[in-house]
1. Which residue out of VAL20, VAL33 is at pLDDT below 90 and part of a helix (DSSP H, G or I)?
2. Within the stretch 39-67, can you find the residues that are assigned to a helix (DSSP H, G or I), of a type outside the set (S, T, N, Q) and more than 11 Å from the chain's Cα centre (by Cα)?
Amino acid sequence: MLRFIMAALIALPVLGTAPVYAADNCFAVGQQVAAQRGAELASAESVSGGKCKIVLLVPGANGERPKREEIIVNG
């Protein structure tokens with residue numbers, strides 16, 4: 001029982017930081033995609049398979065509202 005508790009305490013920090021790293025990476029990827037498209041990054045989150053779901057606000061033509069664009073890219 002003590003080994004199980006020790007293993008859980010050791011693994012917890014490692015398992016707990018992986019989603020944060022993935023989210024940070026997706027945010028960086030989202031910023032790059034937004035800059036390339038001349039858009040504003042609305043959100044970025046990691047999805048399965050090492051991919052990122054990026055939501056952009058692309059400026060509308062002739063003063064129209066921005067268009068919401070959702071894309072999946074490799075993270």
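1. Going through VAL20, VAL33 in turn, just one is at pLDDT below 90 and part of a helix (DSSP H, G or I): VAL20.
2. Within the stretch 39-67, GLY49, ALA61, GLY63 qualify.
The values are calculated or read from the model by the stated rules, or taken from the named source; none is laboratory data. Predicted, not measured: the structure shown is a model, and the values here were computed from it.
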